[in-house]
Amino acid sequence: MHDERQLQVAPIVQESVLHNARTLSNIRNLTASLFGVAAGTLGLESTPGFLFYVGGAVLVSLLMSLVRARGAPGKFFYRPLAEFWMGDVVGAAMSFVLTWTLFYGLLRA
């Protein structure tokens, strides 16, 4: 967590925090949809399908941490654990389920 001295030296700019959160949310939703297409095409059902999503979400978080945040998500997010690693995972799961069931139904029906 940031203390008062640290916030005086490097203040948090609200517009930058919102931009970072919006960018991360867009990437999560896009990749969740792509994982849904893959899961539906592979014909995954029930638990294997959700495990596929969880594995994909972890992979995306790791890649975002290493590539976009240069290994230090704390520099770009106020609360990195809540916002970076866990943020919008449930919302992206809805995109995953939507595309998963769509492509599963199109290919298996």
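The values are calculated or read from the model by the stated rules, or taken from the named source; none is laboratory data. No experiment lies behind these values; they were computed from the predicted model shown. Because the Cβ atoms are built from the backbone with ideal geometry, glycine has one as well, and the counts that use them run over all protein chains shown. Just so you know, the surface numbers come from the protein's heavy atoms only, side chains and all, with ligands and any DNA or RNA stripped out. Shrake-Rupley method; radii C 1.70, N 1.55, O 1.52, S 1.80 Å.
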What's the number of the condition Thr31 fails, among (1) open to solvent by 20 Å² or more (accessible area, probe 1.4 Å); (2) modelled with pLDDT of 90 or more; (3) more than 27 Å from Gln14 (Cβ to Cβ); (4) in a helix (DSSP H, G or I)?
(3)
Given the conditions (1) among the polar types (S, T, N, Q); (2) open to solvent by 60 Å² or more (accessible area, probe 1.4 Å); (3) modelled with pLDDT of 90 or more, and given that Gln14 satisfies all but one, which numbered condition is not satisfied?
(3)
